[in-house]
Each structure stands twice: as structure tokens, then as C-alpha cells.
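Shown next, in C-alpha cells, is the structure this report addresses.
A short reminder: the numbers here are calculations on the coordinates, not readings from a lab. Note that the coordinates shown come from a computational prediction; the quantities given were computed from them, not determined experimentally. Cβ coordinates were reconstructed from backbone atoms using ideal geometry, including for glycine residues, and neighbour counts include every protein chain displayed.
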Amino acid sequence: MIEIGKIGLIESGDDEGSQVKVLDDSELTGGFLILTGKNLSDPNSEAFDSWVENIEELHGYFKESNWVIKWL
């Protein structure tokens, strides 16, 4: 299950060893923002973002990335 608003550790798949956080951006854009980086708790740490239009695309994004996530 994908946790919204929580940080997770990518245990395997693309970006293994990085963290991921999904933000519900439906009020502004109607979609979801996906953040990845080495330490998402540190506002000064480098992070990357992606955006998907809806929950179905979010699930597809996670599947395509082959992610196994340990939610913290």
C-alpha cells in the first residue's frame, strides 16, 4: 500500500537506498507529487520530484519503478 505524506525507504527497485514521500497535491494540481532523495527529513538535502495526475498513475509509477518500500 502506498502511504501518502509518510517517508518510506526504497529497499529495492529503482533508486534503491533512497527515501520516497508522496504528497497529495489534488487541491492545487489535481494529482500527486512524488519526492525522492537520500534524506527527505533534511530540508537542505538534495531531492527530486515527479508528478502524476491521479491515484491510478501513482500506482503505475510505483509498479514501473519496481519499488519495495519500508514505510517509516
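Evaluating 6.51 cos²θ - 1.76 cosθ + 1.60 at θ = phi - 60° for every residue in segment 25-39, the Karplus couplings come out as 10, 5, 5, 8, 10, x, x, 10, 9, 10, 9, 9, x, 6, 8 Hz, glycine and proline recorded as x.
Other residues with beta-carbon under 15 Å from the beta-carbon of Leu72 carry, at +1 per Lys or Arg and -1 per Asp or Glu, a net charge of +1. With contributions of -39500 (n - 2.57) from each DSSP H run of at least four residues, the per-residue ellipticity at 222 nm computed over the chain stands at -4000 deg cm²/dmol. Can you tell me which of Glu53, Glu27, Glu16 moves the most in a GNM of the chain? Springs connect C-alpha atoms under 10 Å apart. Taking springs between Cα atoms under 10 Å, the residue moving most is Glu27. The trypsin sites (Lys or Arg not before Pro) of segment 1-39 that meet both conditions, a loop assignment by DSSP and at most 16 other Cβ atoms within 10 Å of the site Cβ, are Lys6, Lys38. Here the gap between Asp14 and Glu56, fully extended at 0.36 nm per residue and compared with their Cα-Cα distance, gives a gain of 13.2 nm. Once the chain from Glu64 to Glu3 is taken as fully extended at 0.36 nm per residue, the excess over their C-alpha distance is 20.2 nm.
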